[in-house]
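Quick note: the coordinates plus some simple rules give every number you see, no bench work behind them. Predicted model only: the values in this text are computed from it and were never measured. Glycine gets a Cβ as well: all are built from the backbone with ideal geometry, and neighbour counts include every protein chain shown.
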Amino acid sequence: MCALKLRMENNNLSKLDKIVSLTKRRGFVFQGSEIYGGFAGMYDYGHHGVALRQNIVNAWMRTMRMHGKMAFLDSSIFTSPKVWEASGHVSGFNDPLVVCFSCHSKLRADHLLESVDVQADEKMSETELNELFDTNREKLKCPVCGKKNFGKVVQKNLLATSTLGKFEEEDEEAYLRGETAQGIFINFKNVLNTGFYNVPFGIAQVGKVFRNEISPRQFLFRKREFEQMEMQYFVHPRDAEKAYEDWKKERMQYYIDLGIKKENLRWKQHEHLVFYARDAWDIQYKYPFGWDELEGVHNRGDYDLTQHQKFSGVDFRVMDEETKERYIPYVVETSAGLDRTILAVLAESYDEDEMNGEKRVVLRLKPSIAPIKAAVFPLMRNKPELVKKAEEVFGALKKEIPEIMWDDNGNIGKRYRRQDEIGTPNCVTIDFETLENDSVTVRDRDTGKQERVSVKELTTKLR
Ligand code: GAP
């Protein structure tokens, strides 16, 4: 596509559309099953998306380690169906569905009400939502066909089921996990029994989660298969409030450290609490489509361990060393969505500016999370002496900084544009002067300024 056409098309797109287009063009994110017309709520991460994702996970694991007394876990996606009965997800993990009888679109009733400024929440009962729906029926239009022909609001369970291990009619269906947290609760005793941890301590894990979302939307924001970075901190009930406040501060700082501006982050307390929570606050981000949840920080009290104790018969109590009484620990949970963090980081760093009289798109990613730390290229690819020297520099640098990239496609301007769109902080060019004095140019992504650096000092400079 010619540059002018691309520019004109780009001008008419919303910021979210531009991010979707950039991430596809540059190999961050692809629509799931695209060649078959897509599969709702699914996205695949490409080469640079995998690296960005991993850098964000690494930053998260680092903050968890820095807190101290943190065990890591990788529990199974499939568990005994009893886990989800005990946790309350089978009976209470619902979203309100309303069907448009004209075009058969399946819609979130609470979102539809909010779209006409009626305060609604997915945790409201069916009766409450139907009352709100009836009162506002005149104002409500299907966003797909524009008609006003809706059925009743019904709460639909979000757990996805599978036939894993089911061979006969009477065999139970297995659930894919709807949150990683349950894997942590059911392993609480195992971790405790390793003898390395005593309350207070945390268990953290990163993993896939599946939810039968009624209307997956807004790119990586609401998917049906997504990834969570969750941490459950087990504390004595008397220490839960303080731990909760401490974790809230740490979690907000994590996003600031990822490079998100404070003014694009805020706290929002839940008015209607989910069934397991005693208190719940969301960290919200100002996405291109408005403020919405990025992470949930919850005080889950002793709900989950009590439920699993009741259903499994296993004693989850621990000893209070001071009073010698046995108690079930409270849980402070920090529950971050990896895909939403990726979307927030992309939205935050996406920028359009002008450099040397040309419009460009640039991802101003913090270097620590940028997928590629530097690109190396020969000034011209048809000059064997430049290519040979560039290969030498690239080969040596790769051993020190593996996240670098070779790029000799197109002219130097095109290479800069391409690397700007990936968010590469520095480009290293091997030119004729390199052959004379063993120095290269290092170009800065944000300012476009170039600096001559000796090859000997290149690793230190890039680091
Ligand atoms: N264990 C608590 C829990 O799962 P949640 O608020 O349902 O709480 C936690 O989910 C986080 O998971 C959210 O803050 C969000 O970042 C992410 N998340 C939830 N549903 C999602 C979806 N459909 N697509 C992408 N991320 C999602």
> Which of the trypsin sites (Lys or Arg not before Pro) found in the stretch 105-167 are loop residues per DSSP with 14 or fewer other Cβ atoms within 10 Å of their Cβ?
Replying inline: Arg137, Lys139, Lys147, Lys148, Lys152, Lys166
> Mind checking which aspartates and glutamates have their C-alpha under 19 Å from Lys69, skipping anything on the same chain fewer than 8 residues away?
Replying inline: Glu230, Asp239, Glu241, Glu245, Asp246, Glu250, Asp320, Glu321, Glu333
> If the label point is 7 Å along Cα→Cβ of Glu392, which residues in the stretch 409-444 have backbone nitrogen under 20 Å from it?
Replying inline: 428-442
> Given Lys18/Lys414; Lys24/Lys389; Lys123/Lys262, which pairs have Cα atoms separated by over 27 Å?
Replying inline: Lys24/Lys389; Lys123/Lys262
>> With the crude spin-label approximation of a point 7 Å out along Cα→Cβ, what separation in nm comes out for Thr161 versus Arg25?
In response: 4.5
> Going highest first, how would you order 221-227, 249-255 by mean Cβ packing within 10 Å?
Replying inline: 221-227, 249-255
>> With the crude spin-label approximation of a point 7 Å out along Cα→Cβ, what separation in nm comes out for Glu138 versus Ser91?
In response: 4.0
> Roughly what % of Cα-Cα distances in the stretch 94-157 sit above 18 Å, to the whole percent?
Replying inline: 23
> What's the FRET efficiency of Lys147 with Ser454 using the Cβ-Cβ distance as r and R₀ = 60 Å, to the nearest 0.05?
Replying inline: 0.30
>> Taking 25 Å as R0, compute the FRET efficiency from the Cβ-Cβ separation of Glu245 and Tyr327 and round it to 0.05.
In response: 0.75
>> Taking R0 as 60 Å, what FRET efficiency do you get between Ser312 and Glu433 from their Cβ-Cβ distance, rounded to the nearest 0.05?
In response: 0.25
>> Counting other C-beta atoms within 10 Å, and keeping those with at most 10, which DSSP coil GluC sites (Glu not before Pro) do you find in the stretch 138-219?
In response: Glu138, Glu168, Glu169, Glu170
> If the cut-off is a Cα-Cα distance under 20 Å, which aspartates and glutamates reach Lys139, setting aside same-chain residues fewer than 8 apart in sequence?
Replying inline: Asp110, Glu114, Asp117, Asp121, Glu122, Glu126, Glu128, Glu131
>> Cut-off 19 Å, label point 7 angstrom out along Cα-to-Cβ of Arg360: give me the residues of the stretch 390-426 whose amide nitrogen falls inside.
In response: 404-426
> Want the number for Glu34 to Val50: 0.36 nm per residue separation, take away the alpha-carbon distance, what's left?
Replying inline: 3.9 nm
> Which length gain, in nm to one decimal place, applies between Trp291 and Thr127 when the Cα-Cα distance is subtracted from 0.36 nm times their residue separation?
Replying inline: 56.3 nm
>> Of Thr424, Ser454, Tyr233, which is farthest towards the positive pole of the chain's charge dipole, taken about the Cα centre with +1 and -1 on the beta-carbons of Lys, Arg and Asp, Glu respectively?
In response: Ser454
> Fewest first, what order do Trp281, Trp84 take by the number of other Cβ atoms within 10 Å?
Replying inline: Trp281, Trp84
